[in-house]
Amino acid sequence: MLRIAIPILVFGALFAASCSSDLPQSSLNPRSVEAGRIDQLWSLVLWISVAVFVVVETALVYAIVRFRKRPGDEDEPKQVHGNTRLEIAWTIVPALILAFVAVPTMVTLSELRSPAEGDFLRVEVIGHQWWWEFRYPDIIDSEGRPLTTANEMHIPAGMTTELQMTSVDVIHSFWVPSLSGKRDVVPGRETYLKITPDADVAGQMIPGQCAEYCGLAHADMRFRVYVDSDDTFDTWTAAQLEPSPIPSSDPAAAGYETFTQLCTTCHQANVVGPGGSSEVIGAALGPDLTHFGSRSTIGAGIEENTAEHLAEWIADPASVKPMTPELNDIGAGRILGMPDYGLDERQIAELVSLLEGWK
Ligand code: CUA
């Protein structure tokens with residue numbers, strides 16, 4: 001009894017779970033032109049597969065019932081060999097079906113892979129173990145420095161964004177199922193994706209994550225895509241291009257001291273002192289922290305960005321997210337996680353005050 005009940009229960013639970021309508025990471029919930037094309041192709045192939053399934057299973061069940069062994073039958077049924085007409089039919093029909101499916105598949109592929117045209121936004125996506133860097137090469141500050149952020153990409157709703165993707169270490173895969181197809185992010189190469197969000201997506205956050213196993217924290221290499229209205233996008237870019245202030249009063253000022261002594265070993269920030277001239281400090285091995293306080297998550301999308309979570313993170317990063325900072329080789333420009341610097345509670349609170357203040 002259990003042998004039958006358990007598989008039925010497991011299958012039933014999986015089936016019921018698939019009926020949820022709250023599916024932020026589903027390619028069956030397309031929110032862009034590109035994801036819509038993929039969804040259409042998927043539906044076409046699905047319905048052809050359903051037709052094939054019904055025909056094959058009907059024939060199978062018919063044969064099982066019609067030709068079952070009845071009382072009085074001989075042990076061995078009549079032996080036959082070959083049926084030329086049938087064999088030609090079941091070779092040609094599947095070949096025709098596959099040829100029929102191949103046409104829209106190739107058309108969709110070439111559409112999705114063609115370069116963006118007309119007015120479009122370029123975003124450079126750089127995969128790191130285990131976080132995402134986003135750079136906007138055409139959105140630069142007065143010093144010519146491109147807008148640089150981490151783990152949260154903002155794009156405007158009304159136009160196409162072309163992602164130019166590469167990796168600094170191993171192969172990652174950029175996947176935000178509701179907005180686009182999945183594409184590998186490969187060191188030493190550039191790959192591309194296009195995203196043209198539907199107009200009604202403006203104001204929404206669409207989650208994505210790395211989809212290629214890339215080491216210990218692969219599952220924690222998430223990101224968020226914020227689809228902004230044009231106004232919101234302009235406001236966001238203007239704010240992100242501004243340097244963050246060097247604080248003049250404690251606790252943030254003390255936090256800044258610690259920041260320049262420890263954090264800048266791996267992290268960069270664009271800061272401006274009371275004198276008014278801005279400068280970029282630190283190394284770009286980890287996420288740029290200039291506007292850390294404006295981000296909604298920490299640790300590449302694994303926790304909400306709150307003072308409490310940030311304090312836990314600084315106190316013992318590897319307890320929040322599996323990482324191997326003991327393998328960091330800063331000289332070679334390779335880091336595999338944030339170390340625990342053994343800071344005391346006061347120092348951590350000062351750093352939290354600094355970073356959360358950098359909106
Ligand atoms: Cu990066 Cu998995």
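Bear in mind these aren't lab numbers, they're just calculated from the coordinates by the rules spelled out. Note that this is a predicted model, so its numbers are computed, not measured. Backbone-built Cβ (ideal geometry, glycine too); neighbour counts: all protein chains shown.
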For ILE6 and ASP138, calculate 0.36 nm times their separation in residues minus their Cα-Cα distance, and state this gained length in nm to one decimal.
41.8 nm
Per residue, how big is the convex hull of the stretch 124-190 when only Cα atoms are used? Give it in Å³.
102 Å³
Rounded to the nearest 5, what % of the DSSP beta bridges within the chain are antiparallel ones?
70 percent
With label points set 7 Å from each Cα along the Cα-to-Cβ direction at ALA284 and GLU117, the distance between them in nm comes to 3.3 nm
Once each part is reduced to its C-alpha centroid, what is the distance from the stretch 287-359 to the stretch 181-216 in angstrom?
24 Å
How do LYS321, LYS69 rank when sorted from fewest to most other Cβ atoms within 10 Å of their own Cβ?
LYS69, LYS321
Debye intensity ratio I(q)/I(0), log10, the chain, q values 0.08, 0.09, 0.11 Å⁻¹ (C-alpha model):
-0.54, -0.64, -0.85
Springs between alpha-carbon pairs under 10 angstrom, Gaussian network model over the chain: which of ASP141, ASP200, ASP329 fluctuates most?
ASP329
How many percent of Cα pairs in the stretch 120-241 exceed 18 Å?
48 percent
Cα convex hull volume per residue for the stretch 246-359 (Å³):
94 Å³
Mind putting a number on the dipole of the stretch 113-187 about its Cα centre? Charges go on the C-beta only, +1 for Lys and Arg and -1 for Asp and Glu, and I need it in Debye to the nearest 20.
260 debye
Paramagnetic reach from LEU23 (point 7 Å along Cα→Cβ, amide N under 14 Å) across the stretch 164-200
177-179
Which of TYR62, TYR256, TYR136 has the fewest Cβ neighbours within 10 Å, and the rest in rising order
TYR62, TYR136, TYR256
Lysines whose Cα lies under 27 Å from that of LYS359, excluding same-chain neighbours fewer than 8 positions away:
LYS321
Where a Cα-Cα gap under 20 Å defines reach, which lysines qualify for LYS78, not counting those fewer than 8 residues away within the same chain?
LYS69
Which of the helices in the chain, when you take each full DSSP H run, stretch at least 24 Å along the axis at their Cα atoms and have an average Kyte-Doolittle score of -1.0 or higher?
33-66, 84-113
Could you compute the FRET efficiency for VAL101 and ILE64, with r as their C-beta to C-beta distance and R0 at 41 Å, rounded to 0.05?
0.90
Near LYS321, within a Cβ-to-Cβ distance under 10 Å, what is the net charge of the other residues, with Lys and Arg +1 and Asp and Glu -1?
-2
